[in-house]
Amino acid sequence: MDKFKAIVVDDEPSVCEAVQAILELDGIEVTTFTDSVAAAEDIIKKNYDLIISDLKMPKMTGLELFDAVKDAAADSTFIIITAFGTIPSAVDAVKKGIYDYIPKPFTPDEVRIPVRRALEKRRLERENVALRSQLETRYSFQSIIGNSPEIRETFRVMRHAASSESNVLVTGESGTGKELVARAIHSNSVRARRKFVTVNCGAIPDGLIESELFGHVKGSFTGAVADKKGLVEEADKGTLFLDEIGELSPPLQVKLLRVLQEGDFTRIGDTQTRRVNVRVVAATNKDLKKAIVDKLFREDLYYRLNVIPIELPPLRRRQDDVPLLVNHFIEKHKARTPEKNITGIARDAMQALLSYHFPGNVRELENSIEYAIAFTAGPVIKRDDLPKYILEEKKLGHDAQKIPIMPLKDAKGRFEKGLIIAALVESGGNISEAARLLNVHRQNLQQKIRLLGIDLAAISPVR
């Protein structure tokens, strides 16, 4: 990181020299001025991390200097030097936006301590700017890879969504990149400098999600030992991303609808209504229209969310993008094994990827490339470096010949039962988790388990 730069302004040369000597011992690059007017002109032209100025000076006082440069030097931290008799004035100056003051006469520590605090604040600001720049790059539209007609249409709608303040509903299968799209919309919107708050509605237990979303007041329930701000409130003036919105219970759908309609809500156990200004981007892999018919999702909430709909195509519908994605993921992950000097992928390996249907979509493709990078000897990823299940998929056509012929209804029932048992085994017998894996509602799954005569007690988790 570059050296911090400071300017010291005082009509007494001895004070400038003393402060300069103290700061230079801390590795700070220092410029001094005894003329406050000339100092103001210099500050406006250059970028200083720290401005230290005497309060009482001829021509222009420290406060007048602050007023003259505060717009041009908005990122600079301003400290004043003040004699004992003018400390009340210094306190007033701090209230106006000056960071701190140094009493005069001063010891070296009386200069170092506020300066180090100020520069630590400046260092954190620099880091935040750098991190924000990295995030904006990571979540720009360019971070979404593809050139197929389907993805170009997605980009077109995303650009309109980013320039709007309307709510957005992102739909698509698991692994298609719904959160990436939500973040890209936020990062390119007028709210980009504000918070992007993520809530996974399917991952938070029913008993906790209301408190997580809307907060609570102390004593409102057992364990509420202090007031707590909810995530809706955290997202004020920013973007609230509601992932798996289809999992939200009907009572909470009502509270969310009020936030969207009126811009207000109440914490659990509170009587005070709080106002928020949030933009909501919701995402789901469920068919919400079917959920409306089944009385599991409110129609009015659906239309409030679905102002700008974005449907993400599954990877099997944008096969032209597979080579682009493969090369992108190789570039992204090959740095973890520099000794292999990975340069690309063999033609037959790429063909195997193009022949695979990727039910897990882009996420599954990325995992496959990570796997291949881990197992390849390099420098080129070969077909045999890919996960075995990708290479074995073509065998399914031969395996189909071994399936016994039976009435289609019976075959469907057998398949459904096997699939549900597999999901229950994967989830360790947890019905809610199994329902999530199967993309069905918990009540529907319970009914299927009863109808198919599945013995839950016999289900054991995967080891």
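The values are calculated or read from the model by the stated rules, or taken from the named source; none is laboratory data. This is a predicted model, so every value here is computed, not measured. When we count neighbours, we look across all protein chains shown, and the Cβ atoms used for this are built from the backbone with ideal geometry, even at glycine. Keep in mind that these areas ignore ligands, DNA and RNA; they rest on the heavy atoms of the full protein, side chains included. Shrake-Rupley method; radii C 1.70, N 1.55, O 1.52, S 1.80 Å.
For this structure, a couple of remarks:
- For the chain, the longest principal axis of the alpha carbon atoms and the long axis of helix 250-262 meet at an angle near 40°.
- Prolate/oblate/rounded label for the range 164-229 (Cα gyration tensor, a/c 1.5): oblate
- Shape call, the range 25-86: gyration tensor on alpha carbons, a/c limit 1.5: oblate
- Only helices enter this figure: runs of n ≥ 4 DSSP H residues, each worth -39500 (n - 2.57), summed and divided by the residues of the chain, yield -14000 deg cm²/dmol at 222 nm to the nearest 500.
- DSSP bridge orientation in the chain - percent antiparallel, rounded to nearest 5: 10 percent
- Karplus-based coupling profile of the range 314-326, in residue order and whole Hz: x, 4, 5, 8, 9, 4, 4, 7, 4, x, 4, 5, 4, with θ = phi - 60° in 6.51 cos²θ - 1.76 cosθ + 1.60 and x standing for Gly or Pro.
- Segments 278-288, 444-454 sorted - mean Cβ within 10 Å per residue, highest first: 278-288, 444-454
- Taking every Cα-Cα distance in the range 212-272 and sorting them into 5 Å bins from zero, the calculated P(r) comes out as 4, 17, 26, 26, 17, 10, 1 percent.
- Of all DSSP-defined beta bridges confined to the range 143-300, some 20% are antiparallel rather than parallel.
- Part-to-part distance (alpha-carbon centres) for the range 247-288 and the range 293-329, which is given in Å: 22 Å
- Of all accessible heavy-atom area on the chain, the percent that carbon and sulfur account for (1.4 Å): 52 percent
- Ranked by how many other beta carbons lie within 10 Å on average, peptides 7-13, 191-197, 416-422 from highest: 7-13, 191-197, 416-422
- Surface accessible to a 1.4 Å probe, Tyr356 within the full protein complex, Å²: 30 Å²
- Over 22 Å between alpha carbons, listed pairs Lys178/Lys412; Lys96/Lys229; Lys178/Lys228; Lys295/Lys448: Lys178/Lys412; Lys96/Lys229; Lys178/Lys228
- Accessible area per residue in Å² at 1.4 Å probe, computed on the chain: 55 Å²
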